[in-house]
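Down below is the structure, laid out as structure tokens.
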Amino acid sequence: MLAAGVDIGGTKIAVGVVDETGEILAKVTRPTQPDDPASIDAAIADAVRELSSEHEVGAVGLAAAGFVSADRKTVTFAPNIAWRDYPLADNVSRLLGGDLPVVVENDANAAGWAEFVYGAGREARSMALLTVGTGLGGAIVTDGTLLRGAHGFAAEIGHIRVMPDGHLCGCGHRGCWEQYASGSALVREARQAAVAQPERAARLLEA
């Protein structure tokens, strides 16, 4: 069976048709507006319909950066997209006519499962994966099973509090690990260092 996999980012989506070996047969992208959830739903449905016109897509998987409910239908919270208890899977399914099964998964969990099945973890029974980008995410596979936890948030390691009263995180808490070990954290620290030591920053740029 072929499936459509959707990677949902803050400014665009990437949609690919994937076979059972993990090979990407075709892909398209669409720009999105993070403050307009309905436009993201529409962009996903449009891209899936385009790919389905040339490939027999049997299911749709949505990879979202955020807290995903255990039933894999709802994004309960996303720091960079205006999703709050948002029924993403049902919305996309409705736009596609309700004919295809649609599930949503945390993007780090999706990456971790892909590595377990097709990549670096394919010879293992248990593994952990860290994703470092704009944020910090994780996935845990235990004895061949993706660990989600009772509410679906088991591997949200980026939101473990490591610094009491630390930097404010997009999740609303302070001191989350993501605020100290992610791409956005490195950019923030570099900018602050450049302001504090402009001459040293200039020398580094010239080096």
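The values are calculated or read from the model by the stated rules, or taken from the named source; none is laboratory data. Given the structure is predicted, the values throughout are model-derived calculations rather than measurements. Please note: Cβ atoms are built from the backbone with ideal geometry, for glycine as well, and neighbour counts cover all protein chains shown.
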key: Single match in 18, 48 (criterion: touching a residue at least 24 places away in the same chain (Cβ under 8 Å) and surrounded by 14 or more Cβ atoms within 10 Å (Cβ to Cβ))   = 48
query = Between residues in region 104-126 that are of a type in the set (S, T, N, Q) and residues that are surrounded by fewer than 13 Cβ atoms within 10 Å (Cβ to Cβ), which pairs lie under 7 Å by C-beta distance while being six or more apart or on different chains?
reply = 126/142; 126/143
query = Which ones in region 38-65 are out of contact with any helix residue (DSSP H, G or I) (no Cβ under 8 Å at 6 or more places or on another chain) and assigned to a loop (DSSP other than H, G, I, E, B)?
reply = 53, 54, 55, 56
request  = Mind counting the residues in region 54-86 that are in contact with a Ser or Thr (Cβ under 6 Å, 6 or more places away or on another chain) and hydrophobic (A, V, I, L, M, F, W, C)?
outcome  = 1
inquiry  = Filter region 54-70 down to the residues that are modelled with pLDDT of 95 or more and surrounded by fewer than 18 Cβ atoms within 10 Å (Cβ to Cβ) and list them by number.
reply    = 54, 55, 56, 58, 59
note = Within region 21-40, the residues that are crowded, with 20+ Cβ neighbours inside 10 Å and either farther than 23 Å from residue 133 by Cα or hydroxyl-bearing (Ser, Thr, Tyr) (or both) are 32
key: Enumeration of residues in region 71-87 that are of a type in the set (Lys, Arg) and either part of a loop (DSSP other than H, G, I, E, B) or surrounded by 15 or more Cβ atoms within 10 Å (Cβ to Cβ) (or both)   = 72, 73
ask   = Any chance region 44-53 includes a residue that's closer than 22 Å to residue 131 by Cα, of a type in the set (S, T, N, Q) and modelled with pLDDT of 95 or more?
value = no
